[in-house]
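The values are calculated or read from the model by the stated rules, or taken from the named source; none is laboratory data. None of these values were measured; they are calculated from a predicted model. Reconstructed Cβ throughout: ideal geometry from the backbone, glycine too, with neighbour counts over all protein chains shown.
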C-alpha cells in the first residue's frame with residue numbers, strides 16, 4: 001500500500017507527540033513527588049524557610065495522589081495532604097477554594113518559589129492532569145498527526161478507487177497534462193510568393209528613311225503601341241531605304 005506524503009507526516013507527528021508526552025509530560029521528567037519537595041525544605045531558628053534544590057523564580061511541578069483536602073474559609077485557602085508525604089502533619093496550601101478534587105485522585109500542584117524576608121516560600125496552584133504547557137504541545141502534535149494520517153489515508157483510498165484519477169506526493173489529485181498547459185498551436189501557413197512577371201516583349205518596327213534624311217540623323221518615330229522614340233538612321237541608309245528597330249516598353 002502506498003501512503004501519501006500527508007499520511008507520512010501525520011504518522012511522524014503522532015509518534016513524536018506520544019513519545020514526547022511519555023518522556024516529558026507531567027509525572028515524568030519535569031515533576032517530582034510531594035515527599036521529594038518536603039525532604040529538601042528546611043526552616044532555621046528564625047522561622048525562615050528555604051529549599052535546598054530550588055531558588056526564587058523556580059517552578060516546581062508535583063504530581064501525586066491526594067489523600068484528602070480541606071478548605072479554610074477564614075483564610076480562603078485549600079490544603080492538600082498527599083499520599084507520598086510520610087508526615088501526616090505536612091500539607092500543601094493553595095490560595096482560594098478548590099473543591100473539584102476527590103480523595104485518592106491524581107493531582108498536579110504547580111509551585112512557584114518566591115522570596116519572603118530572609119527565606120523563601122511557595123505559591124501553590126492546583127490543577128488537573130493536563131496542566132503543563134509542554135503536555136499541551138505534545139498532545140496537540142499527537143492529535144494533529146492522527147488527523148493528517150487519517151486524512152491522507154482516506155484521500156489515498158478515494159484516489160485508488162477512481163480509475164482515472166492520479167495524485168501527487170501530498171495525496172492531492174494531480175491535474176491531467178491537458179489541463180496544465182494549452183495544446184501547441186501550429187504557426188499559420190505562409191502564402192506562396194506571387195509568380196515573377198515575365199519581362200515585356202520588345203516591339204519591332206520597320207522604318208523607311210524619308211527624303212532628305214541622311215545616315216546619322218535622328219528621327220522621331222511613333223511605335224504601333226503609341227510610344228514615341230528617337231531613332232538614329234544607321235550608316236549607309238539613303239532616303240527610301242528601310243531599317244528595322246526593336247523597342248522594349
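Would you confirm whether or not region 81-97 contains a residue that is under 53 Å from the mean Cα position of the chain (by Cα) and at positive phi?
Yes, region 81-97 contains at least one residue that is under 53 Å from the mean Cα position of the chain (by Cα) and at positive phi.
Within region 104-133, take every residue that is part of a loop (DSSP other than H, G, I, E, B) and surrounded by 15 or more Cβ atoms within 10 Å (Cβ to Cβ) and give me the one that is modelled with the highest pLDDT.
Going through region 104-133, the residues part of a loop (DSSP other than H, G, I, E, B) turn out to be 104-105, 117-118, 128-132.
Restricting the remaining residues to those that are surrounded by 15 or more Cβ atoms within 10 Å (Cβ to Cβ) gives 131-132.
Working: 131: 50, 132: 59.
The residue in question is 132.
I'm checking my understanding of the structure. Among residues of region 226-249 that are loosely packed, with under 10 Cβ neighbours inside 10 Å and not in a strand (DSSP E or B), which one is modelled with the lowest pLDDT?
248
Which of the numbered conditions does residue 50 fail, given that it passes all the others? Conditions: (1) closer than 17 Å to residue 125 by Cα; (2) assigned to a strand (DSSP E or B); (3) touching a residue at least 24 places away in the same chain (Cβ under 8 Å).
Only one criterion is unmet by residue 50, namely (1).
Does residue 54 fit the bill of being modelled with pLDDT under 90 and touching a strand residue (DSSP E or B) at 6+ places or on another chain (Cβ under 8 Å)? Before you say what the answer is, go through the steps one by one.
Working: modelled with pLDDT under 90: no; touching a strand residue (DSSP E or B) at 6+ places or on another chain (Cβ under 8 Å): yes.
For residue 54, the condition - modelled with pLDDT under 90 and touching a strand residue (DSSP E or B) at 6+ places or on another chain (Cβ under 8 Å) - is not met.
Examine region 80-103 for a residue that is at pLDDT 90 or above, assigned to a helix (DSSP H, G or I) and more than 30 Å from residue 155 (Cα to Cα), and state whether such a residue exists.
no
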